[in-house]
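Below: the structure, in structure tokens.
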Amino acid sequence: MSERGVRIRGHHVICLQFFHGEGYSAEFAMNLFRVIDSLTQGAKGTVVIGPDDVCAACPALKDGHCAQEPDSEEAIRVLDALALEMLELDAGEEFEWGAATLSVQRVLERWRALACGGCEWEEACRPLIDLAAGYRTT
Ligand code: SF4
């Protein structure tokens, strides 16, 4: 994160919309709050390919790539590419967080169908995704 804005990878543009405190560590979660605060206060996001300002505080980041699982970086780049295609964003493109939030609303059903299944954060995100998608929760 810099004064110029927030570096953010594709799937984080979508997934950060539903963050509400969970994370891999306290430091990771605090960084996420800072990232989201910065974006909602008007900092521009810039799309990056690979690790971003969220990954920077993640315990899974090793030697400049996601090492949560042996093939995580490759798998997550596929997810990033899917998010960018859905949101019609390109590498290096700057965007406003508010506009991204509206775009996420537009693609939410498709994202949920293609990307959320099997994610370790699916249960944590579900209540907010249900709200955003207009589902009735019981
Ligand atoms: S798990 Fe991987 S992709 Fe997710 S924040 Fe950590 S380093 Fe980044």
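The values are calculated or read from the model by the stated rules, or taken from the named source; none is laboratory data. Keep in mind that what you see is a predicted model, and the values were worked out from it rather than measured. All Cβ positions, even for glycine, are placed from backbone atoms using ideal geometry, and neighbour counts span all protein chains on display. Please note that ligands, DNA and RNA were not included when accessible areas were found on the heavy atoms of the full protein model with its side chains. Shrake-Rupley method; radii C 1.70, N 1.55, O 1.52, S 1.80 Å.
Would you confirm, using the coordinates I've provided, whether A133 is more than 11 Å from the ligand (Cβ to nearest atom), surrounded by fewer than 17 Cβ atoms within 10 Å (Cβ to Cβ) and more than 13 Å from the chain's Cα centre (by Cα)?
Numbers: more than 11 Å from the ligand (Cβ to nearest atom): yes; surrounded by fewer than 17 Cβ atoms within 10 Å (Cβ to Cβ): yes; more than 13 Å from the chain's Cα centre (by Cα): yes.
Yes, satisfied.
Contact annotation: residue pairs with Cβ atoms under 6 Å, 6 or more positions apart or on different chains, pairing a residue in region 34-53 that is under 18 Å from L89 (Cα atoms) and assigned to a loop (DSSP other than H, G, I, E, B) with a partner that is at pLDDT below 95 and open to solvent by less than 70 Å² (accessible area, probe 1.4 Å), are A43/G5; K44/G5. Within region 1-30, being surrounded by 16 or more Cβ atoms within 10 Å (Cβ to Cβ), assigned to a strand (DSSP E or B) and modelled with pLDDT under 90 holds for no residue.
Each row is one residue, and each column tells you yes or no for (1) hydroxyl-bearing (S, T, Y); (2) out of contact with any strand residue (DSSP E or B) (no Cβ under 6 Å at 6 or more places or on another chain); (3) modelled with pLDDT of 95 or more; (4) more than 9 Å from the ligand (Cβ to nearest atom).
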| site | (1), (2), (3), (4) |
| --- | --- |
| F33 | no, yes, yes, yes |
| I36 | no, yes, yes, yes |
| G45 | no, no, yes, yes |
| I49 | no, yes, yes, yes |
| D71 | no, yes, no, yes |
| D80 | no, no, yes, no |
| D90 | no, yes, yes, yes |
| E94 | no, no, yes, yes |
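Of all residues being among the small types (G, A, S) and either at pLDDT below 95 or not in a helix (DSSP H, G or I) (or both) in region 114-129, which is most open to solvent (accessible area, probe 1.4 Å)? Just the residue, please.
If we take residues in region 114-129 being among the small types (G, A, S) and either at pLDDT below 95 or not in a helix (DSSP H, G or I) (or both), then G118 is most open to solvent (accessible area, probe 1.4 Å).
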